[in-house]
1. Rounded to the nearest 0.05, what FRET efficiency do Asp38 and Met9 give with R0 = 30 Å and r taken as the Cβ-Cβ distance? Could you check?
2. At 7 Å along Cα-to-Cβ for each site, give me the label-to-label distance between Lys68 and Gln88 in nm.
3. Place the peptides 23-29, 82-88, 64-70, 6-12 in order of packing, highest mean first, counting for every residue the other Cβ atoms within 10 Å and averaging per peptide.
4. So what J values fall out for the range 9-21 if you push phi through Karplus, 6.51 cos²θ - 1.76 cosθ + 1.60 with θ = phi - 60°, rounded to Hz, Gly and Pro as x?
Amino acid sequence: MQNNKNIAMVIGTELAPGTVQLNGEAEWLKGEGLPYLDKITIDPDLKNLYYGPFLKLEGKDFAVFKVKPNWLRYLRLDLVTEKEDYYQII
């Protein structure tokens, strides 16, 4: 992502058969992003709300990226009809 800022992401959910999909550009925050990562790893309230598996990795370097989406949509799959419904958000 440091050499090519164009990204595509799909984020799935386990509660409902759907995904959030986006296409956009990523910007490496370098030192600017580290306070966000530090706050998540240190603040007990945030740690209880969110504990990504990457926080369990010891001795690893992390990078924080800001993503600017060009488009964003939600895909919902109806389990009965197997119909896909897309909802454009951006």
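Just so you know, all these numbers are worked out from the coordinates, no wet-lab data involved. All values derive from a computational prediction rather than experimental measurement. Backbone-built Cβ (ideal geometry, glycine too); neighbour counts: all protein chains shown.
1. E(calc), rounded to 0.05, equals 0.80.
2. For Lys68 paired with Gln88, the spin-label model returns 2.1 nm.
3. By packing density, highest mean first, the sequence is 23-29, 64-70, 6-12, 82-88.
4. Values per residue, Gly and Pro as x: 9, 10, 10, x, 10, 9, 7, 9, x, x, 9, 9, 10 Hz.
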